[in-house]
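Notes to accompany the following structure.
Please treat every number below as a calculation from the coordinates, not as lab data. Fair warning: this is a prediction, and the values are worked out from it, not measured in the lab. Here the Cβ is made from the backbone with ideal geometry for all residues, glycine too, and neighbour counts use every protein chain on show.
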Amino acid sequence: MCAVEAVQGTFDELGRHLADVTFCVVDLETTGGSAAKGSKITEVGAVKVRGGEVLGEFQTLVNPDELIPAYITVLTGITNQMVVAAPRIAEVLPSFLEFARGTVLVAHNAPFDVGFLKHFSRQLDIPWPGFETLDTAVLARRVLSREEVPNCKLSTLAAAFRATTSPNHRALSDARATVDVMHGLFERLGPLGVTTLEEVSTYTSKVKPEQRRKRHLADHLPEKPGVYLFRDARDQILYVGTSRNLRTRTRSYFTKAETRTRMGEMVMLADRIEGIVCATALEANVRELRLIGAHRPPYNRRSRFPDRLSWLKLTREPWPRLSIVRKILDDDADYIGPFRGRSAAEDALTALHDSFRIRQCTPRLALKSRSSACALAEMGHCLSPCDGSADPDEYAAEVADVRRAMTGDPADLVTSVRRHMLDLAMSERFEDAAVWRDRLTAFLRAARRTQRLLELTAVDELVAAAPHPEGWEIHVIRFGRLAAAGILPRGVHPTGWVDALLATAETVVGGFGPIPAATAEETETLLRWLDAPGMRMVRGAWHSPLESAARHLEPFEHASAAWHDLHTSA
């Protein structure tokens, strides 16, 4: 379990200084160890604190509607007589949630206390506010060594930090003691540069001291969104990342629990960190993709080799054929992709070859060829242009069907493969049927991806806006490439501002193929942004075709997922 459980957005957290965070330190007394097994709450105690100052306290006994076991009474001192007139949890829980609203919940062994509260929240149908939580027991195990404390029990830690209140198995006393323990742990972390809630959440004693000493490399970076680049002593780029807050994010590399060994290696090699401030999160995402593609940093896993993707090509020649290629050429051919790997491209190729009778041989054939026919022609799987017996019009119609499947609506291909799958299933050859399902799925994914890319890359200019805390974030997109980004402040007339942004935007010249001006990943990043709620078109427009591969894909993806789950569980 992490010391802090937080919801992470698209970019890294902004970083909240510990002195500015309001904590609600809570402790419960119960009739047993498990709410799921019927144990009840008998007392709730909590202390609200911020910046070392106590803002308020909450304490109440709770009537559990059952007898308290004798050993619990001996441990806590809470008797049946004490709770007879106490309110029940249905009354206590809403009051506590209101007291704790807007805070970070803190507990010593948080799964126990927070688990009980969540259990009764569900049982009483009371919405749980989704608190972030901090566990002082987990944090203590990360901060303190066995030489300092023999264990991380609350009583041991309270004594080690000289807490003003001794824990005694009563809720409010234990909560007060936990407050002192929490502050003691924070004081231990301060000299190590751990000063924000996010840094506490990722702190681990496993980070090497020499790694922590490099934390100063991030001191010059602004607390603004953008891209950061780790560079070595030779100024070579080691790693590229993005963040809403450059300083906070990069500092976390020197304090966080980094499970990837390679990241630890990278930090030890780093000599400086460069920051590039961006106007918007989308601009930062795009810049990151471009930098990774251009420099191929050794410690970035994704997006390093956009030129290694595969495409399926329908050639333009007297007798067109299908082939798998690495690059898109300006040859008037039809392409779909990119595929994540060559095997997926081969699956899609097989699906097309099984459904359409175009040639599979690789030589370039003249319009009137007189070679010998291949085995596929003899079996009726090819119209046999190689031996001169093929009718050019019939072959052209077959090629048109392939082109329609690749670039328009692949309904005929889907029908053909479905029929083949049904025949195999009727023969109880279910594994073979699954292979053909995966081949068709590979094709449909690539066709949908290409059609989706073309929705945007065919548009010469598009200006779109999305809500931003300071007004509107505006992006100029040309041929599927981000050309400009900026924040339109509230109260500023948009027309003149947008004109100025367009005047400074990158000049993008359209080209050929599904991705004429950017990588597929960049264009898809822009498409995801355009699909987000609240989007507004300022100038230009884009649309999705009604007839496309997308409408056929969903049932096959569901079937593939179900088949995978079945075999994984087996």
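Some points to look at:
- Cα long-axis angle, helix 110-123 against the chain (0 to 90 degrees, to the nearest 10): 80 degrees
- Residue-count net charge about Glu524 - beta-carbon cut-off 15 Å; Lys, Arg +1, Asp, Glu -1: +4
- Alpha carbon centroid spacing (whole Å) that separates segment 287-349 from segment 93-148: 49 Å
- A Förster distance of 41 Å, applied to the separation of the beta-carbon atoms of Glu98 and Glu223, puts the FRET efficiency at 0.80.
- Arg262 paired with Met537, simple spin-label distance in nm, labels 7 Å along Cα-to-beta-carbon: 4.1 nm
- Across all Cα pairs in segment 356-500, the calculated P(r) in 5 Å bins from zero up to the longest distance comes to 2, 8, 11, 11, 11, 11, 10, 8, 7, 6, 6, 5, 4, 2, 0, 0 percent per bin.
- Charge-dipole axis of the chain as Lys and Arg at +1 and Asp and Glu at -1 on Cβ define it, positive-most pick from Trp497, Gly293, Met535: Gly293
- Stretching the chain fully between His295 and Asp393 yields a gain of 30.4 nm (0.36 nm per residue, less the alpha carbon separation).
- Taking Cβ atoms as reference points and 10 Å as the exclusive limit, the residues near Tyr395 contribute a net charge of -2, counting Lys and Arg as +1 and Asp and Glu as -1.
- Between 0 and 90°, nearest 10: helix 171-189 axis offset from the chain longest Cα axis: 60 degrees
- Charge tally around Glu148: other residues with Cβ under 12 Å, Lys/Arg +1 each, Asp/Glu -1 each, net +2.
- If both residues of a DSSP beta bridge must be in the chain, then about 90% of such bridges are antiparallel.
- Legend: calculated FRET efficiency, Lys118 to Cys361, from the Cβ-Cβ distance at R0 = 60 Å, rounded to 0.05, equals 0.40.
- Between Arg370 and Asp423, the modelled labels are 3.6 nm apart [label points 7 Å from Cα along Cα→Cβ].
- Peptide ranges 212-219, 449-456 listed from the most packed, as the mean C-beta count within 10 angstrom indicates: 449-456, 212-219
- Potential lengthening between Asp432 and His493 on full extension [0.36 nm per residue; Cα-Cα distance subtracted]: 15.7 nm
- With the helix formula -39500 (n - 2.57) applied to DSSP H stretches of n ≥ 4, the chain reaches a computed 222 nm mean residue ellipticity of -12500 deg cm²/dmol.
- Cα-based Lys pair tally, the chain, threshold under 18 Å, eight or more apart or on separate chains: 7
- Entry for Cα extents along the principal axes in Å (calculated from the structure that is shown) out of (1) 81, 53, 44; (2) 101, 61, 50; (3) 101, 56, 43: (2)
- Helix 550-569 axis versus longest C-alpha principal axis of the chain: approximately 60°, rounded to the nearest ten.
- Net charge dipole, the chain: roughly 1440 debye, given to the nearest 20, about the Cα centre with Cβ charges of +1 for Lys and Arg and -1 for Asp and Glu.
- Across the chain, Cα pairs under 8 Å and at least six residues apart give a relative contact order of 10 percent.
- Over all pairs of different C-alpha atoms, segment 206-304 has a mean inverse distance whose reciprocal, the Kirkwood radius, equals 13.4 Å.
- Multiplying the residue separation of Asp125 and Ala36 by 0.36 nm and removing their Cα-Cα distance gives an extension gain of 30.5 nm.
- Those residues of segment 150-169 whose amide nitrogen sits under 16 Å from the label point placed on Glu57, 7 Å along Cα→Cβ: 163-169
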